[in-house]
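These notes concern the structure reproduced below.
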Amino acid sequence: MSLTVLWRVVRTLSDVSRRDEYVPYCDSQLTHFLQDSLGGNSRTAVIVTIHPDKDYESDTFSTLAFAAECRKIENYVRPNEDLTGDTVMAYKSEIARLREEVRLTEERTRSGYLILSI
């Protein structure tokens, strides 16, 4: 099951015309685990192995088709932002402000007094 989902994820990511479609990362633990590597902000190498024996011809072609699809995936890699102390403090301050806003809204809702401003 996980390999089938992996194949669907790779097919969706490799087809430029399907870029805006839902990518079923959460349909299996394997694809959920590989989400950042397959379609995220990273460079990823996929290594496949094949067997030269004629008995494995079907598996070999499937494996090579999978590798060809993986090769089509384009990730747009950019350096991760290094948050400075000031940025972290600003985010913490914003979180505290929003928590207070939620607390006040819950308090007003419980008391039956709530005015929504848009």
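Side notes on the structure shown:
- Boolean, residue 109 is within 30 Å of residue 2 (Cα to Cα) and part of a helix (DSSP H, G or I): no
- In summary, residue 59 fulfils each of the numbered conditions (1) among the charged types (D, E, K, R); (2) surrounded by 10 or more Cβ atoms within 10 Å (Cβ to Cβ); (3) not assigned by TED's automatic domain parsing to the domain that holds residue 18 with the single exception of condition (3).
- Enumeration of residues in the stretch 1-56 that are closer than 14 Å to residue 72 by Cα, of a type outside the set (Ser, Thr, Tyr) and surrounded by 12 or more Cβ atoms within 10 Å (Cβ to Cβ): 7, 8, 9, 10, 11, 13, 15, 18, 19, 38, 39, 46
The values are calculated or read from the model by the stated rules, or taken from the named source; none is laboratory data. These numbers were taken from a predicted model, which means no experiment stands behind them. A quick note on method: Cβ atoms are made from the backbone with ideal geometry, for glycine too, and the neighbour counts reach across all protein chains shown.
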